[in-house]
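The values are calculated or read from the model by the stated rules, or taken from the named source; none is laboratory data. Everything numeric here is computed off the predicted structure, so don't read it as measured data. All Cβ positions, glycine included, derive from the backbone under ideal geometry; neighbour counts span all protein chains shown. Each accessible area value is taken on the protein alone, full model and side chains, heavy atoms only, with ligands, DNA and RNA left out. Shrake-Rupley method; radii C 1.70, N 1.55, O 1.52, S 1.80 Å.
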Amino acid sequence: MIARWLGLLGLIAALGACGGIKDNLVVVVPSADGHVGAVTVTDARGQTVLDQPYAAVTAGRGDTATERVEVTAAQVEAIFGQARAALPQPPVAFRLYFLSDTNQLTPESLIAFEDVFKEIARRPAADTVVTGHTDTVGTDPYNDALALERAKYVRGLLITRGLKPDSITVAARGKRELLVPTPDQTHEPRNRRVEITVR
Amino acid sequence: MAATVYSRSGLRSTLLAMFFVALASPALAADPIGQIKTATGSVAIERAGARQPAAAGDRVLQSDVVTTGPDGTVGITFEDNSMMSLGPDSSLALDSFRFDTTTHDGAFDASLRRGTLAVKSGYIVQQGPPGEAMHVRTPAAVLGVRGTEFVVRAEAAR
């Protein structure tokens, strides 16, 4: 008798965790940094914006219209725990600077360069992206070419140290992603950099 | 040559020529759009009508369909640093993917055919018009991704 009651309680607990939510479900979840994004859900009836933590819509089997639903963090864990646990580690970026007008890394950047290999070793299937950045002196085509040249140079350093060429992507952002915001046509050594992203 | 890498007064015309050569190389349909970073249990990729087992380190291409078995999970990082992962008994079609590493312009469309999916958006969403650069389709709705993290479950097909 007690066992039967315990079984019933277990069933109720299970329903509490997963039950009542229809098959098709979308939930916005807070990121590790606490930032909450947004998703628009467009169905046969119109559009719903989900932009709050655990904001959700659901639809039943065969339904083509969704409706808002209350979802808790515990329910998200019960339904999506395995999927979320499979998310890859977030990419990590390492910033490199060169001594002025040379191809010699600064002392700090030599350390960062070594940290790249430690990060690669921590990951089961790492690849790297080498991205060149410039300051705002010059045109976009000029800076894109310069940034690409710098990125290719660092790619060469990585290959010399044993990374497989097909695990390295080069990219050139030119003056589109300034580390230190400046007006156009401004010399800024801190913006002339190469970033190695390990992912 | 190597010593001139950081000299702005260097070979400007050479750099320009290299840039236009780079522009002239179109992305091929067979170019990888992402890489499997985590895999547990049974994971497969359906590509051009053939189904092959997949493991961490494998590249994924546009039009691949990634599936997991009853014991399977898989996590993929895409070229724009967006990430998707599947729980067990799931199927995700990577319908189309385009990403410019210089401008970060791009478009990403995927369809969750069944199962559970977790998504973290990347550069394509940061750069594109809000909710229009990346879409995830389910049997019931089309999701326009405005940012960061969400989860989706789709009914199994009948």
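Points to keep in mind about this one:
- Filter result for the condition that a residue is modelled with pLDDT of 95 or more, surrounded by 16 or more Cβ atoms within 10 Å (Cβ to Cβ) and under 19 Å from residue B:34 (Cα atoms), over A:178, A:157, A:163: A:163
For every residue, the table says whether it meets (1) of a type outside the set (Ser, Thr, Tyr); (2) assigned to a loop (DSSP other than H, G, I, E, B); (3) facing chain B (nearest Cβ under 8 Å).
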{"position": "A:25", "(1), (2), (3)": "yes, no, yes"}
{"position": "A:30", "(1), (2), (3)": "yes, yes, yes"}
{"position": "A:34", "(1), (2), (3)": "yes, yes, no"}
{"position": "A:41", "(1), (2), (3)": "yes, no, yes"}
{"position": "A:52", "(1), (2), (3)": "yes, yes, no"}
{"position": "A:56", "(1), (2), (3)": "yes, no, no"}
{"position": "A:61", "(1), (2), (3)": "yes, yes, yes"}
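- All positions within segment B:110-127 that are open to solvent by less than 10 Å² (accessible area, probe 1.4 Å), touching an Asp or Glu at 6+ places or on another chain (Cβ under 9 Å) and more than 7 Å from chain A (Cβ to nearest Cβ): B:110, B:119, B:122, B:124
- Only one of the numbered conditions (1) closer than 30 Å to residue A:189 by Cα; (2) modelled with pLDDT of 95 or more is not met by residue B:23, and that is (2).
- Lone qualifier among A:136, A:186, A:197 - being hydroxyl-bearing (Ser, Thr, Tyr), touching a residue at least 24 places away in the same chain (Cβ under 8 Å) and within 8 Å of chain B (Cβ to nearest Cβ): A:197
- Within segment A:45-61, tally of residues that are open to solvent by less than 60 Å² (accessible area, probe 1.4 Å) and farther than 17 Å from residue B:143 by Cβ: 1
- Condition check for residue B:146: of a type outside the set (Phe, Trp, Tyr), more than 7 Å from chain A (Cβ to nearest Cβ) and within 17 Å of the chain's Cα centre (by Cα): no
- Subset of segment A:76-99 (residues that are touching a residue at least 24 places away in the same chain (Cβ under 8 Å) and open to solvent by less than 20 Å² (accessible area, probe 1.4 Å)): A:76, A:80, A:88, A:96
- In segment B:128-142, the residue that is nearest to the other protein chains (Cβ to nearest Cβ) out of those that are surrounded by fewer than 24 Cβ atoms within 10 Å (Cβ to Cβ) and at pLDDT 95 or above is B:142.
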